[in-house]
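Notes for the one structure printed next.
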Amino acid sequence: MKQVILAIAALMLVACAANGGLGNAQKLFNKGDYQSAILKIDRILDKYEYPEETKAQIYLMKAQSYEKLGQMENARSVYRYIEQNFKSSSAYTAAIEKLM
């Protein structure tokens with residue numbers, strides 16, 4: 001029983017850390033610090049697992065950050081990644097519109 005409780009506590013800590021990282025990336029994006037948002041997004045995508053819809057939205061924020069920085073080729077590359085990998089997500093439609 002003690003092992004089960006410890007395992008649940010460890011999972012909760014990982015989930016909180018993952019959500020905190022995502023929240024920080026969103027705050028950076030909202031402040032207009034797009035370069036820092038991209039760096040944070042890359043770190044959290046490397047470090048944590050997210051549900052597919054959440055992951056698609058994270059990539060969409062990354063593409064939008066590149067777009068805000070005027071780095072259109074990088075933005076298009078991320079939009080294409082969304083198009084190819086997240087067809088059932090709400091981010092897919094946004095990516096397709098940007099690629100037209």
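Coordinate-derived values only; no laboratory data. Keep in mind that what you see is a predicted model, and the values were worked out from it rather than measured. With ideal geometry, Cβ positions are generated from the backbone for all residues, glycine too; neighbour counts draw on all protein chains shown.
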Net lengthening on full extension, Ser77/Asn24 (0.36 nm per residue, minus Cα-Cα): 16.7 nm
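Take the residue pairs Lys55/Lys98; Lys27/Lys98; Lys62/Lys98; Lys47/Lys87 and return only those whose Cα atoms are more than 20 Å apart.
Violating the 20 Å Cα-Cα cut-off are Lys27/Lys98; Lys47/Lys87.
Computed FRET efficiency, Cβ-Cβ of Leu69 and Thr93, R0 30 Å: what is it to the nearest 0.05?
Once rounded, the FRET efficiency stands at 0.85.
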